[in-house]
Each structure stands twice: as C-alpha cells, then as structure tokens.
Amino acid sequence: MIYMDKNMDRNTVLIVDDVEVNRVILEEIIKNMGYHPVLAESGEDALEKLKDCLPQLILSDISMPGMNGYELCRILKSKEETREIPVIFISANDDSQDIVEGFSMGGEDYITKPFIPEEVQVRVRVQLRLHEMTYQLTEMNRRLQISVNQQLKQMEMEKKNILYALADIAAQNSSNDQGYVERLKSNCRTLAQGMQLSPLFEERISDTYIDTIELAAPLCDIGNIGVPWELLQKEGELTKEENAAVQNHTSTGAKLLRDLKGSSDNNDFIKISEEIAHSHHENWDGSGYPRGLKGDEIPLSAQILSLADRYCGLTKEGGLAREEALEVIGRESGVRFNPDIFNVFCKISRQLC
C-alpha cells in the first residue's frame, strides 16, 4: 500500500546538492514548472527538512560530503513515511554502473550534469505525474476499502439480527423467556472472566473471547427451529424417535450457522456460535451428543455454555437456591462438566445472576 502522510506537500520538490550553483539552477527550473522548491545542502540537511514537510519528489546529487545520495536514498526507502517519495539522482558522472547502482537503491530516474532545462522538466514532470496518479489511485482504493468495510459490517450486523430473531423464536418454543436468555449471557460472561484469571485458561481466553461468547450464548438452541413445537412442549418421556428428533437440534443449529459463515471465515462470532450450538450437549466423559466428544475434544466455548445453562436451568424461578444448584452440578462434575471449569465456577458463583 502506498503511504501518504498527512504532512505531504504535493506541490513541493526537495533539491539536495552541496554545490550552490546547482541548487540555484534546479530551483529556477522547478519554479518555472509551477512547483515549490525546497533546498538542502547535504543528505543530513535533507533529512532535517523532511521532518517538517514531505515533498512530492526529491532531486538528489550523488557525490556529497558526509552522507552521499545513495545513502540518503537508502534511508528514505527504509522508512514507511518516505519510501514512496520518488527520487531522481543527479550527477556529473554518466557511467552505466553508477546509474544501475542508483536504480538498485530505489531511485526512479537519473539526470546528468550539466543540466539541460528541458530534459530536467520532462523527467521531473513524468515522475510527478506518476506520483500523482499513484496518490489518486491509493485514495480511491482507500475510500473503496472504507466503503466495502462498512458494507461488510452492515451485512454482519444484519446476520446477527436475523440469527437473534431465529434464536428468539426457538427460545419461545422451548419455554425459555428473555429473562432466561439474559441470565445465560451474563453467566457465560462471568464464568469466562473468572477462567481468564486462572492459570489453566488465561492463555485461551482474551477480552474479545469474553465479549464474543456473551453475544453467541443466545444462539445455543437456535436449531430448535427445526424441531416440531409439539415435541419441545411435550411433557413426560419422549420416545426413541422423538428424542432423536430433539437431539438433532444441535446439528441443525450448527449447519445453519456454518452456512451463514460463508466467506466470513475469520468471524469469531459465527465460529463460536457454531461451536456452542453443535457441542453444548456433549459431556466431559463422552456420554453426550451428537458426536460423543470427550474431555477437551469439546470446544471450550461449549463447555462454558453447558455449565452456565445447567445452572440457569436449576435456579430459574421456582427452582433451586444457589448452594443447592452447586451441589447438584458438583455431583455431575467429571461426568457432564470439566472439573477445572467447575472449580472456577464455584469461586465466582456469588457473582452469578
């Protein structure tokens, strides 16, 4: 990407030469072209001038006391803010080896002394035109990228809105009200924050991960939209076929989210949502569904959601007190739940809602 500093003066040409008469001649040529010349007596002086203003073009003598033109060009090309400023070398020596070395240093052109004003103007004008075209193209790409990014953000937001709407329908079908969903989100966040402070999990849980799992939690049962309402509301024991249909909500939800992910492969929200939807009924000992995952084969996000969901279910209105719920879950630790996560859960349990 071409770097265009906000301090760049696109009407300025920096002239670097230790010989005053050369500077005066070039200054007059540049003025006659309608550009503003800035003069420097050495490579060191040029670097100082560049601190205040970035020119659109640099004309630099090669043979100068101290820092020569090649070294100046090398320094300019090594810095992000100056590497794209074109450099035209000027020299009394027209040896081909010198010209090749100048190009190898990153120079764009080469002018020999004594100066022919018309030649200088042509070469300068070509480089200025190329630089201006590059600038315009870069600006166009930058504006296009901003527009594309805004559209992508809008698309991702619309995806989230659609998913939350579907999840809301699924939650209503399974008798989970909005209050339950809000508790689930909050408790997932609280548990993830507690795990972030544990040496066992701190490297796996970032602040972004915590934010994302809170957003993804409501989508855990989104696959219920594919389960008949009568089965979700049925009281009593389900038949083998009915139970299989209900359990299939994990695969249905995962497929829905996977299809939505599409080209957004780096979208952590969709990725974690898919993990949760697919694996939140897996058990630590491998007895869960749909794939019978065991231990850390189960995605961490799904382990967090599963434990938080169990607690919310046990403590919803008319249910168990916090201490009683912890006793029940404690008996399931090592069977349904990761014992290390349960230990963290117990430590932060007073912060749960």
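The values are calculated or read from the model by the stated rules, or taken from the named source; none is laboratory data. The shown structure was predicted, so the numbers you read here are calculated from the model rather than taken from an experiment. Using ideal geometry, Cβ is built from the backbone for each residue, glycine included, and neighbour counts are taken over all protein chains shown. Just the protein is used for accessible areas: all its heavy atoms, side chains included, with ligands, DNA and RNA removed. Shrake-Rupley method; radii C 1.70, N 1.55, O 1.52, S 1.80 Å.
Restricted to the stretch 62-105, and to residues that are acidic (Asp, Glu) and part of a helix (DSSP H, G or I), which residue is farthest from LYS51 (Cα to Cα)? The extreme case among them is ASP98. Filter the stretch 207-224 down to the residues that are touching a Ser or Thr at 6+ places or on another chain (Cβ under 9 Å) and among the polar types (S, T, N, Q), then identify the one that is modelled with the lowest pLDDT. Here the residue is ASN224. Among helices (runs of 4 or more DSSP H) entirely within the stretch 256-353, having at least 2 residues that are open to solvent by 40 Å² or more (accessible area, probe 1.4 Å) and more than 22 Å from GLN178 (Cβ to Cβ) singles out 268-279, 322-332, 339-347.
Just one residue in the set LEU130, LEU144, LEU166 is surrounded by 15 or more Cβ atoms within 10 Å (Cβ to Cβ), within 40 Å of the chain's Cα centre (by Cα) and in a helix (DSSP H, G or I); that residue is LEU166.
Taking residues in the stretch 185-203 that are free of Cβ contacts under 8 Å to residues at least 24 places away in the same chain, and partners anywhere that are of a type in the set (Val, Ile, Thr), the pairs with Cβ atoms closer than 8 Å and at least 6 places apart or on different chains are GLN196/ILE205; GLN196/ILE210. Would you say GLY43 is open to solvent by 70 Å² or more (accessible area, probe 1.4 Å) and either at pLDDT 90 or above or of a type in the set (D, E, K, R) (or both)? So GLY43 fails the test.
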